[in-house]
Amino acid sequence: MIERLLVANRGEIARRVFATCRLLGIETVAVHSDADADLPFVREADFAVHLAGSTPAETYLRGDLVIEAARNAGADAVHPGYGFLSENAGFARAVLEAGLTWVGPDPDSIDAMGSKIEAKKLMADAGVPVLIELSPSTVTEDDLPVLVKASAGGGGRGMRIVRTLDSLSDEVAQAEAEAASAFGDGTVFLEPYVENGRHVEVQVVGDRRGGVLVLGERDCSLQRRHQKVVEEAPAPGLPDELRNSLHEAARNAAAAIGYVGAGTVEFMVSGDRAFFLEMNTRLQVEHPVTEAVFGIDLVAAQVAVAEGATVDTLGGSGEPSGHAIEVRLYAEDPAADHQPQSGRLESFEIPGVDVELGQLSGPGLRLDSGFEAGNEVGTHYDAMLAKLICWAPTREQAARRLAGALSRARLHGLVTNRDLLVASLRHDAFLAGDVSTDFFDLHPEVLSGQETDLEAVAFAAAVMLAEHDRLRRRVQPAAPVAWRNVVSQPQRTAFEHGPGSREDEVVVEWFGGRDGYRHATREDLTVVSASVASVVLEAVGVRSQFAGVLASAGPGAPREIFVDGSHGSARLREVPRFVDPADVVAQGSLLAPMPGTVIGVPLRAGAEVMAGQTVVVLEAMKMQHTITAPTDGVLTQIAVSVGSQVASGDVLAVVTAPDPAEPAAEGETA
């Protein structure tokens, strides 16, 4: 019997495992990096061990340090969570050799499925359909498009779609570098890319007597950057014959390697055909949707099997009940190619949540989060903030309630993909069950999220800032804001909205006085009530409430306010009336879209560049981000080198475009 369990992971999954351990009466141990010291999972563990450093390579990927921490904390078992060392057979063996219980599959099973290349061969021998493997040296135009995949891991790292032969070598090199950084193994392989396919996976649990429990399937087709965004169970619209064949193939896959514990067999479905993709020898991020519809605690099942239980004793219903949908809430900007965001999470409130990190006893909302208000979201790890799960009698009810809760959430301090999730859940194609891995390519309108009345949001923001200014006054703080005996002109507040190259300006003109605030040009928009955190506007007789939070900012920094409301949400930065010349960057400057580490500078100053050509490569949140030239020109300045740490907004390089007034050089055409 396990008495004290260490989770070799962080954030949401560590909290999730700890929650089940508390119900089972098992003591818990957390390990944490410097960057994670103040996160909830550290506080919630019975014991915590510090791993010096912040990067994964210094901390959560150091199996020797994790095992040493287990020994020092008196743990008798290790749960790997997902990611990091969860599918590392060498780590699993080291845990067992240290005399600890490994809450996961046998190392030999991890080895068998750890290499996606070898796993596909094994599955083909077991009669499971697979996609053919391609060699980079023999790919032809007829093979395109192809998918480059990391052999040693998943989560979208080391994965690239290649549509032209010219880009193949560069994409393979980038995939290898990303895989090496994320998993310590840069091996990649190629396979045909299935256009308009569905990603469907089957949950299995095996025991040491050869029993295999199949707990239905999940559809995980809505993905960005090859990482899942929306998952659901059961998979909608699958013919019974195909559904049964997937379950049987997954059972055969698990039996072929004597699988023990919880695992997932993943397939690509195209029409009525299915192909084996890989087997994840661990708990999946999306496991809560299976838990909801089958009434089972999969973490408890992992612990029970590790203690010797058989699958027939695990409980849970034999058939799925109702429908469950999970969304992953990321700190990222969908409209800027899903660039990850970092900084302080000022507010984190989702209304109507029934359960946190545990089992739903009936239809409702479940929240599994790794962060809470006030936490800092860094650049070293995955950008996922939380998962929100809804279980309801029908798929339509689950989607509706989930979208409603997200739309009313208060998420301030960071740009998130919340509006994308709401738009996806409410999209006609999604509601019809018309899902595929290229859903966002087919429906790009969802990337902009909910339609936002930016003028109304900006007006609400201007009023909140005015209230902040009023309360900060040392003289007559109760007096009306912007009151004048003779009104000559309106007050003017300008905001920038949207990060990086999408920055634009919205200007609000307004009056303040004894009768409150009013918009200078929109007579239909009036202020009913106002405070530093909330504004109620009325337009054509309809009232709407806006909530806002002024973000923490250093001395001299522009004020930034985050506003949510029924008219949409926005992150707005106040434009100073006067700008310090020292803060003005040169035209053509390429700015860092996020904090990160420079891992590539392929060109030298003075080089001629073409629009779209790579100038700098950043690594942030376990992903690579390419910074390209915005126009043809000359790279007149490079401000960074490989290894440089940069903050958001830092100048990386300057590209100077040719002056159209300059005469063409001799021999050139103008």
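Assorted remarks:
- Residue match in segment 97-109 (condition: in contact with a strand residue (DSSP E or B) (Cβ under 9 Å, 6 or more places away or on another chain) and part of a helix (DSSP H, G or I)): yes
- Applying the set (1) over 20 Å from the mean Cα position of the chain (by Cα); (2) small (Gly, Ala, Ser); (3) closer than 30 Å to residue 142 by Cα to residue 179 leaves exactly one unmet item: (1).
- Condition met for residue 64 (among the acidic types (Asp, Glu), open to solvent by 30 Å² or more (accessible area, probe 1.4 Å), free of Cβ contacts under 8 Å to residues at least 60 places away in the same chain and in contact with a Ser or Thr (Cβ under 9 Å, 6 or more places away or on another chain)): no
- The single condition among (1) under 16 Å from residue 294 (Cβ atoms); (2) modelled with pLDDT under 95 that residue 231 does not meet is (2).
- Verdict on residue 258 being surrounded by fewer than 24 Cβ atoms within 10 Å (Cβ to Cβ), of a type in the set (Gly, Ala, Ser) and under 23 Å from residue 391 (Cα atoms): no
- Test for residue 190: is it part of a strand (DSSP E or B) and over 30 Å from residue 212 (Cα atoms): yes
- Of all residues making up segment 351-383, the number that are within 17 Å of the chain's Cα centre (by Cα) and open to solvent by 30 Å² or more (accessible area, probe 1.4 Å): 6
- Set side by side, the residues 620, 629, 582 differ, and just one is modelled with pLDDT under 80, among the small types (Gly, Ala, Ser), over 28 Å from residue 528 (Cα atoms) and crowded, with 19+ Cβ neighbours inside 10 Å, which is 620.
- Only residues that are closer than 13 Å to residue 169 by Cβ and part of a strand (DSSP E or B) were counted across segment 133-149, and they come to 2.
- Of the residues making up segment 419-432, those that are under 29 Å from residue 344 (Cα atoms) and open to solvent by 10 Å² or more (accessible area, probe 1.4 Å) are 419, 423.
- Given (1) touching a helix residue (DSSP H, G or I) at 6+ places or on another chain (Cβ under 8 Å); (2) open to solvent by 50 Å² or more (accessible area, probe 1.4 Å); (3) within 14 Å of residue 253 (Cβ to Cβ); (4) at pLDDT 80 or above, index of the condition residue 141 fails: (3)
- Scanning segment 236-255 for residues that are surrounded by fewer than 19 Cβ atoms within 10 Å (Cβ to Cβ), outside any helix (DSSP H, G or I) and under 29 Å from the mean Cα position of the chain (by Cα) yields a count of 2.
- Filtered residue count, segment 43-59, keeping only those that are assigned to a helix (DSSP H, G or I) and either at positive phi or over 21 Å from the mean Cα position of the chain (by Cα) (or both): 3
- Sole exception among (1) under 30 Å from the mean Cα position of the chain (by Cα); (2) over 21 Å from residue 176 (Cα atoms); (3) surrounded by fewer than 16 Cβ atoms within 10 Å (Cβ to Cβ) for residue 71, by number: (1)
- Single residue of segment 18-42 satisfying the filter (outside any loop (DSSP other than H, G, I, E, B) and under 20 Å from the mean Cα position of the chain (by Cα)) that is nearest to residue 348 (Cα to Cα): 40
- For segment 281-392, the strands (runs of 3 or more DSSP E) that sit wholly inside it and include 1 or more residues that are over 30 Å from residue 547 (Cα atoms) and at pLDDT 95 or above are 323-330.
- The residue that is farthest from residue 270 (Cα to Cα), among those in segment 90-121 that are surrounded by fewer than 19 Cβ atoms within 10 Å (Cβ to Cβ) and of a type in the set (A, V, I, L, M), is 98.
- Taking residues in segment 173-197 that are at positive phi, and partners anywhere that are acidic (Asp, Glu) and surrounded by fewer than 18 Cβ atoms within 10 Å (Cβ to Cβ), the pairs with Cβ atoms closer than 7 Å and at least 6 places apart or on different chains are 196/438.
- The residue of segment 522-533 that is modelled with the lowest pLDDT, among those that are in contact with a helix residue (DSSP H, G or I) (Cβ under 8 Å, 6 or more places away or on another chain) and outside any loop (DSSP other than H, G, I, E, B), is 525.
- Number of the exception - residue 264 against (1) open to solvent by 30 Å² or more (accessible area, probe 1.4 Å); (2) in contact with an Asp or Glu (Cβ under 8 Å, 6 or more places away or on another chain): (1)
- Looking only at residues of segment 452-471 that are farther than 15 Å from residue 519 by Cα and open to solvent by 20 Å² or more (accessible area, probe 1.4 Å), we find that the one that is modelled with the highest pLDDT is 468.
- Output for segment 74-83, where each listed residue is open to solvent by less than 20 Å² (accessible area, probe 1.4 Å), at negative phi and not in a strand (DSSP E or B): 75, 80
- Any hit, segment 604-611, residues being open to solvent by less than 60 Å² (accessible area, probe 1.4 Å), assigned to a loop (DSSP other than H, G, I, E, B) and not small (Gly, Ala, Ser): no
The values are calculated or read from the model by the stated rules, or taken from the named source; none is laboratory data. Here the structure is a predicted model, which is why all the values come from computation and not from measurement. Neighbour counts run over all protein chains shown; Cβ positions are idealised from the backbone, glycine included. The protein model used for the area step is the full one, side chains on, heavy atoms only, and it has no ligands, DNA or RNA in it. Shrake-Rupley method; radii C 1.70, N 1.55, O 1.52, S 1.80 Å.
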